[in-house]
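The block underneath contains the structure these notes are about, expressed in structure tokens.
The values are calculated or read from the model by the stated rules, or taken from the named source; none is laboratory data. What you are looking at is a predicted structure, and each value in this text was computed from that prediction instead of being measured. Methodologically, a virtual Cβ is constructed for each residue, glycine included, from the backbone with ideal geometry; neighbour enumeration extends over all protein chains shown. For accessibility, only protein heavy atoms count, side chains too; no ligands or nucleic acids. Shrake-Rupley method; radii C 1.70, N 1.55, O 1.52, S 1.80 Å.
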Amino acid sequence: MATRRDELTREAARLFAERGYHGTSMDALAQALGVQKGSLYSLTGSKQELLYQTMREGARAFHAALDAVPDDVAAVERVRLALRGHLRVVAEQLDVATVFTREWRYLELEHRAEIVAERRRYEERWRALFREGVESGGLRTDLDAGAATLLVLSAANWAYTWLEPGRDTDELADRFMAIIVDGIRGYATPA
């Protein structure tokens, strides 16, 4: 039973990513699984429950990526590894990452409150990384950790719209880091 439920959750994530939450019907989910619509209710209470499960999976994946960043490396390196982890989640769990980024606003009541709290907790973990970078001297002393977090997560979250299949996300994260840490002003000589 759990295997079929997992399959339903994966199909829901795929369809929510492809069509949006409101564009996905229980009929479409039943067709994707090759079952009658009524059979879905033995696996889930509602489409809302499927959205919630997808959101929880996204939150777990993104937090796990941050959990994997070692504490014993320099703060700037921790930011780089966190960005690598974030982009890896997007690449490896594209449907879940798409839904987590785009469809959270359709959650209802306590599920919405829980997921919004998880999103805020994730953002706070990123702000802490930037604050550590400032405090350790690895980043500019005037860096606004909140603005840096918004910039990095905005770019990384939207990777679901442009990330090419098979792209080396570690290399991409390293390029992002070079722009973020070194800035975009550059050191070219005037023409």
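Key figures for this structure:
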item: Residue match in the stretch 16-28 (condition: open to solvent by less than 10 Å² (accessible area, probe 1.4 Å), without any contact (Cβ under 8 Å) to a residue 60 or more places away in the chain and in a helix (DSSP H, G or I)); result: no
item: Qualifying residues in the stretch 149-167 (those that are in contact (Cβ under 8 Å) with a residue 60 or more places away in the chain and not in a loop (DSSP other than H, G, I, E, B)) - the one farthest from Ala13 (Cα to Cα); result: Val152
item: Per-region count, the stretch 94-121, residues surrounded by 15 or more Cβ atoms within 10 Å (Cβ to Cβ) and either at positive phi or touching a Leu at 6+ places or on another chain (Cβ under 7 Å) (or both); result: 4
item: Matching residues in the stretch 1-10 - criterion: being open to solvent by 40 Å² or more (accessible area, probe 1.4 Å) and assigned to a helix (DSSP H, G or I); result: Ala2, Thr3, Arg4, Arg5, Asp6, Glu7, Arg10
item: Qualifying position, being open to solvent by less than 70 Å² (accessible area, probe 1.4 Å) and not in a helix (DSSP H, G or I), among Gly146, Gly137; result: Gly137
item: Residue that is nearest to Val99 (Cα to Cα), among those in the stretch 5-51 that are under 21 Å from the mean Cα position of the chain (by Cα) and among the aromatic types (Phe, Trp, Tyr); result: Phe16
item: Among residues of the stretch 40-63, those that are open to solvent by 50 Å² or more (accessible area, probe 1.4 Å) and part of a helix (DSSP H, G or I), counted; result: 5
